[in-house]
Amino acid sequence: MPGRHYNRRPNTRGIAMTHSDTIPFAGLNPDCILDALESVGYRCNGGLMALNSYENRVWQIGVVDGAPVIAKFYRPGRWTDAQIAEEHAFTAAMAADELPVVAPMAIGGKTLFNHGGFRFSVFPRQGGRAPEFCEPSILEWMGRLMARIHRVGAREAFVVRETLNIQRFGIDSRDWLLGSGIIPIELEPVWAGVADQALDGVRECYERAGQVQQLRLHGDCHAGNVLWTQDGPHFVDFDDARMGPAIQDLWMLLSGDADEMGQQFGHVLAGYEMFREFDDRELQLVEALRTLRLMHHSAWLARRWNDPAFPAAFPWFATNRYWEERILELREQIAIMHEPPLVPR
């Protein structure tokens, strides 16, 4: 919008500059990984398999005379020890309520360890497949499980972990991107204007919803973080756990057009309200939260560009086409946020 100005850092290399000059996870080689596990009492058999993870580094490690375990090495500088401790306490509380969550294992009374300059935790291996969220019975099951998780999440608040809000996910993401030099210069004014309009739409959605309850959430509730077995769903990876409205953990279960999402949410809600009442005002936030996630995702990619894994996995990120698609995407969200909210069917 006219009158809004941002400081643009020069980018002489043609890629986004980051706040850190170091490469994350440099030095985290196989010997370091195995030594880390042995430092907390495991005898490793040399079996080592990398699992899919961009934010952290996650490995399945073979153990002598036992089942393999999962070691998660936390990205340096992402969370403080206190923030990780809150995540672990949350998963421990859910496990104590017999919820199917994969919590870190306590070793000598601790769940967070240091070795070679890296912080890590150890988890039991959990098998399973990705769920099919299009199935009504699965959606109802997920609704029941999310309600039980939210009951635990509502008992107390995170003190040091982040809150999902307009400032953190929207304004900070916009400002960081405009200061990073990653957006092609000829598209930057267009993207900035559309981003500002999108944030105005998000604010309007929050105003329509009014004051809604904030509770501890999974925060990143997509199919990739759910493993389905014959016993049902198992939640993994609470790395994005934060404070926010309950709907954040529900809208990501939905897909398709408005009618399809309405039908799907009807099944989710049928399961959810068996254990916890849902505040219908939060339906006003679905598209606002989707918009914030889209902006935050672009900023996340830009912030991680000094990690060699990111240019290799997302080579299209710094291209004109990527930002042209993001401009169109935000324009679509601006229009959708002015439409009536999702209606469960």
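The values are calculated or read from the model by the stated rules, or taken from the named source; none is laboratory data. Worth saying up front: this structure is predicted, and the values here are computed from it rather than measured. Neighbour counts are summed over all protein chains in view; Cβ atoms, including those assigned to glycine, are modelled from backbone coordinates with ideal geometry.
Residues are listed down the side, and each one gets a yes or a no for (1) among the small types (G, A, S); (2) over 26 Å from M252 (Cα atoms):
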| site | (1), (2) |
| --- | --- |
| L48 | no, yes |
| R75 | no, no |
| D81 | no, yes |
| A92 | yes, no |
| A106 | yes, yes |
| G117 | yes, yes |
| V122 | no, yes |
| P131 | no, no |
| E140 | no, no |
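In the set A26, A103, A82, A71, only one residue is surrounded by fewer than 17 Cβ atoms within 10 Å (Cβ to Cβ) and modelled with pLDDT of 95 or more; that residue is A82.
Taken together, the residues in the range 171-186 that are under 14 Å from R326 (Cα atoms) and of a type in the set (S, T, Y) amount to 1. Taking the stated definitions as given, is L250 in contact (Cβ under 8 Å) with a residue 24 or more places away in the chain, assigned by TED's automatic domain parsing to the domain that holds R151, within 17 Å of N165 (Cβ to Cβ) and assigned to a helix (DSSP H, G or I)? Against the criterion (in contact (Cβ under 8 Å) with a residue 24 or more places away in the chain, assigned by TED's automatic domain parsing to the domain that holds R151, within 17 Å of N165 (Cβ to Cβ) and assigned to a helix (DSSP H, G or I)), L250 does not qualify.
For the range 227-245, check the following and say yes or no: at least one residue is among the hydrophobic types (A, V, I, L, M, F, W, C) and either assigned by TED's automatic domain parsing to the domain that holds M94 or assigned to a helix (DSSP H, G or I) (or both). No, there is no match, as no residue in the range 227-245 is among the hydrophobic types (A, V, I, L, M, F, W, C) and either assigned by TED's automatic domain parsing to the domain that holds M94 or assigned to a helix (DSSP H, G or I) (or both). Total residues in the range 120-136 satisfying the condition of being touching a strand residue (DSSP E or B) at 6+ places or on another chain (Cβ under 7 Å) and not aliphatic (A, V, I, L, M): the figure is 10. Residues of the range 98-142 that are in contact with a Ser or Thr (Cβ under 9 Å, 6 or more places away or on another chain), among the small types (G, A, S) and over 21 Å from C32 (Cα atoms): A103, G127, G128. When the range 79-97 is filtered for residues that are over 16 Å from V159 (Cβ atoms) and in contact with a helix residue (DSSP H, G or I) (Cβ under 9 Å, 6 or more places away or on another chain), the ones remaining, listed by number, are M94, A96, D97. As for the range 55-71, it holds no residue that is over 20 Å from G127 (Cα atoms) and without any contact (Cβ under 8 Å) to a residue 24 or more places away in the chain.
Per the conditions (1) loosely packed, with under 13 Cβ neighbours inside 10 Å; (2) at pLDDT 95 or above; (3) under 14 Å from D237 (Cα atoms), the sole criterion not satisfied by G127 is (2).
Does N45 satisfy the condition of being of a type in the set (S, T, N, Q), modelled with pLDDT of 85 or more and either touching a strand residue (DSSP E or B) at 6+ places or on another chain (Cβ under 9 Å) or under 30 Å from A192 (Cβ atoms) (or both)? Taking the combined requirement at face value, the residue satisfies it. Return yes when L217 is buried (at least 20 other Cβ atoms within 10 Å of the Cβ), in contact (Cβ under 8 Å) with a residue 12 or more places away in the chain, under 18 Å from A147 (Cβ atoms) and not assigned by TED's automatic domain parsing to the domain that holds A89 and no when it is not. Criteria met by L217. Hey, can you tell me all the residues within the range 286-311 that are under 14 Å from Q333 (Cα atoms) and among the acidic types (D, E)? Once the filter is applied, which keeps residues that are under 14 Å from Q333 (Cα atoms) and among the acidic types (D, E), the range 286-311 yields only E287. Of the helices (runs of 4 or more DSSP H) lying entirely inside the range 266-345, those containing at least 3 residues that are small (G, A, S) and surrounded by 15 or more Cβ atoms within 10 Å (Cβ to Cβ) are 286-303. Here R155 clears all of (1) of a type outside the set (A, V, I, L, M, F, W, C); (2) outside any helix (DSSP H, G or I); (3) out of contact with any Lys or Arg (no Cβ under 8 Å at 6 or more places or on another chain); (4) closer than 26 Å to R304 by Cβ except the condition numbered (4). Residue pairs whose Cβ atoms lie under 8 Å apart, sitting 6 or more positions apart in sequence or on different chains, and linking a residue in the range 82-95 that is farther than 10 Å from R161 by Cβ and in the same structural domain as T111 (by TED's automatic domain parsing) to a partner that is of a type in the set (D, E) and not in a helix (DSSP H, G or I), do not occur here.
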